[in-house]
Amino acid sequence: MKKLIRYFLQGLLIIAPAVITIYIVYLVFSFLDGAIQHFFAQYLPFRIPGLGIVALLIIITILGFIGQSILFRPLQRLLDRILINAPLVKVLYSALRDLFSAFVGSGKKFNQPVLVKVNLISDLEKMGFITNENLSDLDIKDKVAVYFPHSYNFSGELFIVPRSQIRLINIPATEAMKFIVSGGVTKV
C-alpha cells in the first residue's frame, strides 16, 4: 500500500505542475470533469457522477509508476523545457512545480516545523515551516524563510525571520501541518 501511495505521489509530482499550469491557461475555455465525462459518454450509455475524478486519480497514479522508470525522465525533461520556454506560462509552471516538489518527492521543503516569536513583548508565537535557510541570493544574512500556512485554508504567507526568534518543534511535519490547517483543533 505504501508503494502505491508513493507511486501516486510521484505521479502527482510529475503531472501536477504541468496540469495545473495548462489548466489555468485553459481555464478561459473550461475543462476537468466535464471534458472527461464527455469522453466517457461516447463509450457508456449512462453518466457516472465523479468518473472524471476517478479517471484522473488512476492516470496520476499510473504516471507516478511510469515516472519511476529511467525511460520517462527524458520525456519529463522535454516537457519541462517546453513549458519553461513558453512566455508567461514559464512563471506559473515553475512556481507550481517548485510548490508541488516542496510538498512531495525528494525535494520536500515543509519538513522542519518551527515556532516563531512574532511579538517579543507578549511572547506571541506562530507555527510555520522553514523553507530556506540560505538567503544569500537575496543578500540577506542571519535570517531564514519561514512559510506560515493559514488555518482552514490552503494558502499562507512567507516571512523572513531572524534565526534568534525561531524555535524548532520536535513533531512530524505532517502533524504540524494538520495542526495549523485545522486551526489548532487537531491533536498533535
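Read-outs throughout are calculated quantities, based only on the coordinates presented, and are distinct from any laboratory measurement. Note that this is a predicted model, so its numbers are computed, not measured. Using ideal geometry, Cβ is built from the backbone for each residue, glycine included, and neighbour counts are taken over all protein chains shown.
Assorted remarks:
- Principal axis analysis of the Cα atoms in the range 113-181 yields extents of 34, 28, 21 Å, listed in decreasing size.
- Exceeding the 24 Å Cα-Cα cut-off - candidates Lys90/Lys117; Lys117/Lys141; Lys2/Lys178; Lys117/Lys178: Lys90/Lys117
- FRET E, pair Asn170, Ser122, Förster distance 30 Å, beta-carbon r, rounded to 0.05: 0.80
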